[in-house]
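Please read the structure below before turning to the comments.
The values are calculated or read from the model by the stated rules, or taken from the named source; none is laboratory data. Since the model is a prediction, treat every value here as computed from it, not as a measurement. Don't worry about glycine lacking a Cβ; one is built from the backbone with ideal geometry, like all the others, and counts go over all protein chains shown.
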Amino acid sequence: RNIPLNCIATVGQVGNVDHENVNLGKAGHRRHMGWRPAVRGSVMNPCDHPHGGGEGKCPVGRPGPVTPWGKPAMGYKTRKNHNRSDKFIVKRAKD
């Protein structure tokens, strides 16, 4: 793959390697960092999320999971088909 000359890159290892291994311990620690609780759409009301409502632990009720705004989630391709990248590819990956 060709890379444009005006691109900038840094060579080496990323710092703070153990950042992903930090255990915050409790929900309050995360709240102090500014995070809000992550609420599942299936436990909301139907007015709040497309997965909400129903009796007990109901299935989604649609062909697949969707975002709170009704767009397909999990596996839905968001890249436009007309975006071209052929000029940067020197050789096919399968060759």
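Points worth noting:
- Condition check for residue 26: at pLDDT 95 or above and out of contact with any Lys or Arg (no Cβ under 8 Å at 6 or more places or on another chain): yes
- Scope the range 1-50; condition part of a loop (DSSP other than H, G, I, E, B), of a type in the set (S, T, N, Q) and over 30 Å from residue 70 (Cβ atoms); matching residues: 2, 6, 10, 13, 16, 23
- Yes/no for residue 62 being among the charged types (D, E, K, R), touching a Phe, Trp or Tyr at 6+ places or on another chain (Cβ under 7 Å) and touching a residue at least 12 places away in the same chain (Cβ under 8 Å): no
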